[in-house]
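Structure first, commentary second.
The values are calculated or read from the model by the stated rules, or taken from the named source; none is laboratory data. Source: prediction; values computed, not measured. Here the Cβ positions follow ideal geometry from the backbone for every residue, glycine too, while neighbour counts run over all protein chains shown. The protein model used for the area step is the full one, side chains on, heavy atoms only, and it has no ligands, DNA or RNA in it. Shrake-Rupley method; radii C 1.70, N 1.55, O 1.52, S 1.80 Å.
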Amino acid sequence: MNGRAIVLTVVGFLVGVLAAGSIGVRVIREVRTTEDATSLPPENISSTTVPPSTVKSEYFVDPNELIISSTALIPLSIQASGDEVSVDYELVSLAPRHNVPVIQFLGNFNRTQTVEIDDLPHIYPRRWVLHTTDGETFEGGPANPSARIARFDVRDGLSLSEIQSIEIVEVLVPYPIDVPFTLDQQLSPRVVVVPGVEMELIHVSDQGSTTIVQVAINLEDHETADFFVAGDGPGWRSAFFEAEGRRRVNLTWVGGELPDEIPLLATGTVWKAIAGEFTVALEGIE
Amino acid sequence: MTDDGFDFGELLRSPYDPDPDRKRSREGEAELPWKPAVIAAVLGALVASAFVIYAIVTGPTEDVEAAPGTSTSTTEPAIEFVPSTGLPAGYVEVAPNVGMRSEWLDVSATGIRVGVSSVVSGGQDPDLIDNPDIAYWELDASGTTEKMSSQTLEIAAIGNLTVEFPVLAAVRDPMLLAYPAEGTRGTVETRVFDADASVVGPLEFEINGTTIIVDQLTIGDVYAHVAWHVVEGGLPATIDTIVTFVGTDNPSTDEPDETLLVSPHLTGLLQGFGIPPLEPRFGFSRSEQLVRIGEPVGTGNEASAISVEFAITIPASIGDPIRIPIGAAS
């Protein structure tokens, strides 16, 4: 094949590509216009020459946010290093809170400590799943409700470009619960007040005109429930946790003879699961 | 082909066939290599067609690297991110710029609990908007409507409410009804008792047509307990109770400093753990342990009398019910 033959061959190839390509582009436009028209309002269907429209997407705090219950979860950054991927995020509560009093508690040495509302764990996005482009999945999540970083143990060397999506598949939200209940030394020394929370009568001792009642709070999952026990009704003085830090409460009864069925009140917070799966927006974070 | 001088080829040749003489006349010239060019054109068309078919089958290319607010796709509409001025999905407006949504429902042998969350509208500052007072809630289920037992506001997630209802025989297609409080009316009723009073009550108070009974107030040296209820037909209420040991004083301060027993939220402190310091929500009854402020009453710190203030608040009026679907039961 001489030089002229080669030139003609190339020209012929290009002519073929251009001819078929130009027809193909028109076909593609026609096909896609037909597909788009099915999802457009009727007024937009009449013309196939309408330029691509703009879709408005609303946000409350940040375009990358996930609204989970009354909280915006905002992914801030994502990093891959060795066999770990981590996602930093921020939680912003959207709940109305004007006139909510400052929350204080007595800390060590009777010193009053203040709790900032923004520091409270509004939600606990406990379980996350990372999907790779190869179809692998890795579970991860934050270490506790106060953490703001979700970590995944992945295969060594996984790069960010291999991450297809990240979903939050279990979210817990705190709610208050008060449960009156009774404990009986003989008949019912243990009572489940809510699923996963058991109250157990440990000890009863008379001390002169008062009676000390010791109750243990047995939590199936320490991350999803916080409870305290107080006396219910008249006859009780204040109740305190044991000094050792165990989840045992000492109550003082001053109402005369202690009833067989000891009236108590479990008060606290349970973390309830919120329905739904939430996909983390990876496009806008670094 | 010739046979006996007869040219059959000439006989069969069409008048439209190329002139063999002309062909022969070109044989001496350099012939154009058109066959490879035609084959190449056909191949090119096939390649382009293959791409076209691939493009149609696979659809538009997604631009996964696009930053929010931008789009480099030429076939998909661009996404413009705009601040919302409304409520997130599923929230029902219960007050100006505030919405509520039910999050879960639990049915047990002791009662029914529903979790409700609250949000402000987009563009509003949560620090500047009050959590709306819901006077009371009803649960509409299985054709019957039941009034709430209590409502409690969460401390760790301000705006999360747990609403409790009595046991129902059946719960089908449940719906929450929120009755918003429109303004409030308040009064403070004071009663004075002997210094050695330990159990008082019942006491009756009336405010704006609502009758409230304090069933029993038990007073100890460092503790107290109060139980009250609203008489049937009355509006829901909140009561803050302050027991003052008159004449007592903390000698370590120069200011008069009488010993008090008060509703826990008035201290602003978490007591022990988990006793909400938040203002109680409206209810039809309540049983409450009071918390001591100041020196214990006793030798050297005796009271001459006991004064008890009951700060009672009720809704000025109650708005029309707002229906909140219960969809996400867990």
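Annotations
- Protein heavy-atom surface of the stretch A:175-272, 1.4 angstrom probe: 46% of the accessible area is carbon and sulfur, with nucleic acids and ligands not counted.
- Those residues of the stretch A:54-72 for which accessible area with every protein chain present is at least 30 Å² below the isolated value (1.4 Å probe): A:Thr54, A:Val55, A:Lys56, A:Ser57, A:Glu58, A:Tyr59, A:Phe60, A:Pro63, A:Ser69, A:Ser70
- Solvent exposure, largest accessible area first (probe 1.4 Å, DNA, RNA and ligands not counted), of A:Val179, A:Val10, B:Val171: A:Val10, B:Val171, A:Val179
- Computed 3J(HN,Hα) for the stretch B:136-151, one whole-Hz value per residue from the Karplus formula 6.51 cos²θ - 1.76 cosθ + 1.60 where θ = phi - 60°, is 6, 10, 10, 10, 9, 8, 6, x, 10, 10, 10, 7, 4, 8, 6, 9, glycine and proline marked x.
- Per-residue surface analysis assigns B:Glu189 an accessible area of about 40 Å², computed on protein heavy atoms at 1.4 Å probe radius.
- Shown is the FRET efficiency for A:Ser205 and A:Ser86, computed with R0 = 56 Å from the Cβ-Cβ distance and rounded to the nearest 0.05: 0.65.
- Candidate residues A:His98, B:His225: accessible-area rank, largest first, probe 1.4 Å: A:His98, B:His225
- Residue-span extension gain [B:Ala170 to B:Val192] - 0.36 nm each, minus C-alpha spacing: 3.1 nm
- Here the spin labels are modelled as points 7 Å beyond Cα on the Cα-Cβ line, and at B:Thr211 and A:Val115 they lie 4.0 nm apart.
- Pairwise FRET efficiency - B:Ala109 versus A:Gln79, Cβ, R0 = 60 Å, nearest 0.05: 0.80
- In this view, the solvent-accessible surface of A:Arg151, computed with a 1.4 Å probe and all protein chains in place, comes to about 110 Å².
- Each residue of the stretch A:138-150 was assigned a 3J(HN,Hα) from its phi angle through the Karplus curve 6.51 cos²θ - 1.76 cosθ + 1.60 (θ = phi - 60°); the sequence is 10, 8, x, x, x, 6, 6, x, 7, 5, 10, 9, 9 Hz, with glycine and proline shown as x.
- Delta accessible area of at least 40 Å² on complex formation, residues of the stretch B:102-139, 1.4 Å probe, chain isolated as reference: B:Glu103, B:Trp104, B:Arg113, B:Pro126, B:Asp127, B:Asp130
- Distant-in-sequence amide H partners of B:Gly247 (H built 1.01 Å from N, under 5 Å): B:Ser304
- Electrostatic bookkeeping for B:Val82 treats Lys and Arg as +1 and Asp and Glu as -1; over the other residues with beta carbon under 12 Å from its beta carbon, the sum is -1.
- Counting Lys and Arg as +1 and Asp and Glu as -1 over every other residue whose Cβ lies under 11 Å from the Cβ of B:Thr211, the net charge comes to -3.
- With a Förster radius of 35 Å applied to the beta-carbon distance between B:Ser142 and A:Asp260, the computed FRET efficiency rounds to 0.40.
- Across the stretch B:220-231, coupling constants 3J(HN,Hα) worked out from phi with the 6.51/-1.76/1.60 Karplus curve, θ = phi - 60°, read x, 6, 10, 8, 7, 9, 10, 10, 9, 8, 8, 5 Hz, and Gly and Pro carry x.
- Length released on extending from A:Ser146 to A:Thr279, taking residue separation times 0.36 nm less the Cα-Cα span: 45.8 nm
- Distances between placed amide hydrogens fall under 5 Å for A:Ile68 paired with A:Leu73, all partners being 5 or more residues away or on another chain.
- Length gained on full extension, B:Ala316 to B:Thr299, computed as 0.36 nm times the residue gap minus the Cα-Cα distance: 1.6 nm.
- In the stretch A:225-244, comparing the full protein assembly with the chain on its own, the residues that lose 40 Å² or more of accessible surface at a 1.4 Å probe are A:Phe228, A:Pro234, A:Arg237.
- Buried area at the A:B interface is about 6700 square angstrom, summed over both chains, from accessible surfaces computed with a 1.4 angstrom probe.
- Split the accessible area of the stretch B:184-315 by element, probe 1.4 Å, and carbon with sulfur accounts for 47%.
- Across A:Tyr59, B:Tyr91, the residue with the most accessible area heads the list, and the full order at a 1.4 Å probe is A:Tyr59, B:Tyr91.
- Accessible surface area normalised per residue over the stretch A:154-286 is 46 Å², counting heavy atoms of protein chains with a 1.4 Å rolling probe.
- Rolling a 1.4 Å probe over the protein heavy atoms gives the stretch B:184-315 an accessible area of 44 Å² per residue.
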